Amino acid sequence: MSDLSGTTTIVVGASRGLGRGVATAFAEAGAPVVAVSRTATAFPEPAAGTITLEAADAGDPTVPADLIDRYDPGVVILVAGATPHMRPLQHHTWETFSVNWQTDVRIAFHWLREVLLTPLRPGSRVVVVSSGAALAGSPLSGGYAGAKATQRFITGYAQDEAKRAGLDLTFTAVFPRMTPLTGLGQSAARAYAARTGQTEEEYLKAMGPVLTPEIAGAALVELVQTDAASVAPGYLLTGAGLQKLP
Ligand SMILES: NC(=O)c1ccc[n+]([C@@H]2O[C@H](COP(=O)([O-])OP(=O)(O)OC[C@H]3O[C@@H](n4cnc5c(N)ncnc54)[C@H](OP(=O)(O)O)[C@@H]3O)[C@@H](O)[C@H]2O)c1
């Protein structure tokens, strides 16, 4: 998949944050991109490729079937997620605790299911953006880490079902480290800095190079262009790029 010009790429959660960087990077790599989010936010005209906006709630179970049917993508990237409420466990209600299950897990469930049922054509690639919190926990964000860990599990389940059915599909989970450059990451960084008694700057400095939407976009283009046979089931994503998880 080194030449993306003939590969329609659906990016779910593309209006801002990491997903916007991913949609932009795939278009710049020459792909026809379908940018999905509830609010249709315009992109500057890409130098290569194209970006088609689709305003839709990706958690609506009818949406993946409709978009996969209409666009016949060779790459599907699920980035969309809700911003968790940052507070200690006892200050959560069930509703605030479960918000990422109702959004992030719900979206991954409906899209992975549809990818397998359609199925996407042989050689297609699916990337699910989970979180570093799935590996380390996230004590201030209720059910967030558990929801992101479930995304990792079901990405693996989807890979297994594809193999059992003889479908040539590759599923990869990506685990970004916290970045203050998106709304979601900024509220998390602020809450954890306050909890550890550090300034936001001090807290973030200890985390190493900052992950930007541009770095995330370039990393996912590189991942999709890597030969499927050498792709790992999961990668940590930091400001230094992708790192295979054992
Ligand atoms: N930022 C970080 O520090 C960080 C760290 C680790 C993991 N992550 C993960 O990376 C992903 C992106 O995070 P981000 O920081 O870029 O978040 P963000 O800036 O809040 O962007 C979230 C994107 O998802 C879209 N979205 C949310 N619900 C949707 C729905 N039901 N249907 C369609 N689109 C939906 C939003 O668009 P609309 O609101 O217009 O629908 C927006 O484009 C998330 O899964 C997050 O958990 C982020």
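The values are calculated or read from the model by the stated rules, or taken from the named source; none is laboratory data. The shown structure was predicted, so the numbers you read here are calculated from the model rather than taken from an experiment. With ideal geometry, Cβ positions are generated from the backbone for all residues, glycine too; neighbour counts draw on all protein chains shown.
Confirm whether Met86 is at pLDDT below 95 and crowded, with 17+ Cβ neighbours inside 10 Å.
Taking the combined requirement at face value, the residue does not satisfy it.
Of all residues in region 36-51, how many are exposed (fewer than 13 other Cβ atoms within 10 Å of the Cβ) and either away from the ligand (no atom under 12 Å from the Cβ) or free of Cβ contacts under 8 Å to residues at least 12 places away in the same chain (or both)?
Total meeting the criteria: 5.
Of all residues in region 110-132, count the ones that are part of a helix (DSSP H, G or I) and in contact with a Gly (Cβ under 9 Å, 6 or more places away or on another chain).
Looking only at that region, the number is 1.
Test of understanding: among Pro139, Pro180, Pro209, which residue is touching a helix residue (DSSP H, G or I) at 6+ places or on another chain (Cβ under 8 Å), of a type outside the set (A, V, I, L, M), part of a loop (DSSP other than H, G, I, E, B) and more than 13 Å from the ligand (Cβ to nearest atom)?
One residue alone meets the criteria, Pro139.
Determine, yes or no, whether Val115 is away from the ligand (no atom under 15 Å from the Cβ) and under 15 Å from the mean Cα position of the chain (by Cα).
Details: away from the ligand (no atom under 15 Å from the Cβ): yes; under 15 Å from the mean Cα position of the chain (by Cα): no.
Judged against the criteria, Val115 is not a match.
Looking at (1) in a loop (DSSP other than H, G, I, E, B); (2) within 16 Å of the ligand (Cβ to nearest atom); (3) not small (Gly, Ala, Ser), which is the only condition Val174 fails?
For Val174, the exception is condition (1).
Of all residues being aliphatic (A, V, I, L, M), surrounded by fewer than 24 Cβ atoms within 10 Å (Cβ to Cβ) and in contact with a helix residue (DSSP H, G or I) (Cβ under 6 Å, 6 or more places away or on another chain) in region 104-126, which is nearest to Ala194 (Cα to Cα)? Just the residue, please.
Val105
Please pick out the residue among Val75, Val63, Val33 that is within 13 Å of the ligand (Cβ to nearest atom) and crowded, with 18+ Cβ neighbours inside 10 Å.
So the residue among Val75, Val63, Val33 that is within 13 Å of the ligand (Cβ to nearest atom) and crowded, with 18+ Cβ neighbours inside 10 Å is Val63.
Is it fair to say Ala189 is part of a helix (DSSP H, G or I) and either of a type outside the set (Ser, Thr, Tyr) or buried (at least 20 other Cβ atoms within 10 Å of the Cβ) (or both)?
When the stated conditions are applied, Ala189 passes them.
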